[in-house]
Amino acid sequence: MLKDLEYKGYPVLYVDDEELALQSFNIQFCNDFTIYTAKSSEEALPILNTENIAVIITDQRMPKVPGVELLKQVMSTHPDVVRILITAYTDLDLVIKAINDGNVYRYVSKPYNEDEVRSTIRQAIEHYYLVKERERLYAEKVETMRKIARANRLSAMGIMAAGMAHEINNPLVAISTFLQMLPHKYAEASKDREYWEELYGVAVREVERIRLLVHQLLSYSKVTQSEKFEPVSINEILQEMVVFVENEAKKKGIHIKREYGADLPAGLMDRNRMKQVFLNILLNAVQATGRGGTIIVTTRYIVEDPENQFLQVAISDTGSGISQENLEKLFTPFFTTKESEGSGLGLMTSHHIVDEHRGMIDVKSELGKGTTFTLQLPLDPYRYDRRKANRHKVESSDL
């Protein structure tokens with residue numbers, strides 16, 4: 001039995017053409033389950049359409065539509081509903097075929113034992129619950145991935161907005177200066193002074209409009225920056241992201257080896273933003289690693305002096321590797337080594353987030369052998385002196 005599962009929250013529909021059988025079934029099981037009854041398929045199908053039925057139990061021998069045929073219809077119209085058939089021993093061959101065809105979850109022989117049926121219904125409800133829970137978790141995973149993708153895009157837009165703003169600001173200064181000088185130069189020479197003054201006014205207003213736009217872009221870029229720093233267990237959030245990508249890794253026969261340091265202190269960081277970094281790098285590792293490869297995830301605590309303490313995370317893979325030429329472009333906006341997919345924003349965003357934490361991210365790679373991403377994250381970004389920090393060699397098993 002599943003602990004804390006409220007079985008009455010998952011209705012059961014019992015179908016039998018005998019009124020006495022329906023009454024008896026209801027009396028036997030109404031204290032344990034929410035019971036609906038129907039005398040035929042004609043009565044059963046509307047109930048399935050209006051009530052959130054989890055389990056249907058039907059007698060095989062009924063006029064017009066026999067039990068197996070009813071369950072076949074239910075499988076087509078309500079595939080999530082768990083289907084159970086009650087039948088006499090003489091119908092055993094028919095039942096076996098129904099089970100093999102996938103129409104029936106389980107069958108119960110007549111005359112049935114009350115305790116056995118109660119146990120069967122519980123198991124059927126548990127099966128229904130687990131299927132629904134798996135669907136819910138999958139939907140959550142998909143939605144989480146969408147949110148992460150959106151966060152990547154928004155963060156990238158903020159970064160590019162900031163860069164664009166600085167690029168535009170410089171020529172604006174020159175244009176503004178030029179426009180200020182323009183009236184003095186043409187004041188005497190121009191016969192149409194009114195025209196030049198009007199042109200000057202339009203130009204000045206447009207410059208101011210662009211300057212306002214730049215200010216708005218800069219404000220927008222600040223919204224995407226990390227602000228919520230709190231004590232976080234690096235092993236905990238890294239493990240969450242490893243579990244998140246593990247199914248994809250298993251599909252390719254990739255083994256993810258964990259070498260987490262013991263008793264690591266909590267680091268001051270933005271939990272969600274740092275999870276985004278780990279997920280980006282882990283997904284890249286899974287995508288780059290061939291079938292049967294290995295990914296090694298390592299964490300450790302390094303102390304240089306009281307003010308310079310940091311957590312180191314290394315993610316290594318045995319993938320195809322990255323050329324030296326591409327390594328130099330790896331954190332460039334929109335650059336990607338994937339031919340048919342990838343926006344080129346994930347690693348750029350990761351670099352930006354690590355930088356916000358006053359940390360460092362380093363990549364070592366060799367074509368045909370694999371890649372290692374190493375992150376150094378200060379235990380306290382407010383006290384950490386990045387200028388004095390040393391890049392420590394990754395201590396991990398050989399790939």
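Descriptive notes on the structure:
- Estimated translational D of the stretch 230-388 in µm²/s (Stokes, Kirkwood radius over Cα pairs; 10 °C; 1.306 mPa s): 99 µm²/s
- Alpha-carbon centroid distance for the pair the stretch 248-276 / the stretch 22-84, whole angstrom: 47 Å
- Peptide ranges 6-12, 325-331 listed from the most packed, as the mean C-beta count within 10 angstrom indicates: 6-12, 325-331
- Among 256-263, 241-248, the order from most to least packed when residues are scored by Cβ within 10 Å on average: 241-248, 256-263
- Peptide packing for 66-79, 37-50, 127-140 was compared via the average number of neighbouring C-beta atoms within 10 Å per residue; ordered from the highest value, the list is 66-79, 37-50, 127-140.
- Kirkwood Rh and Cα Rg combined as Rg/Rh, the stretch 9-112: 0.93
We did not get these values from a lab; they are worked out from the coordinates using the rules stated. Note that the coordinates shown come from a computational prediction; the quantities given were computed from them, not determined experimentally. Ideal geometry is used to build each Cβ from the backbone, glycine not excepted, and the neighbour counts take in all protein chains shown.
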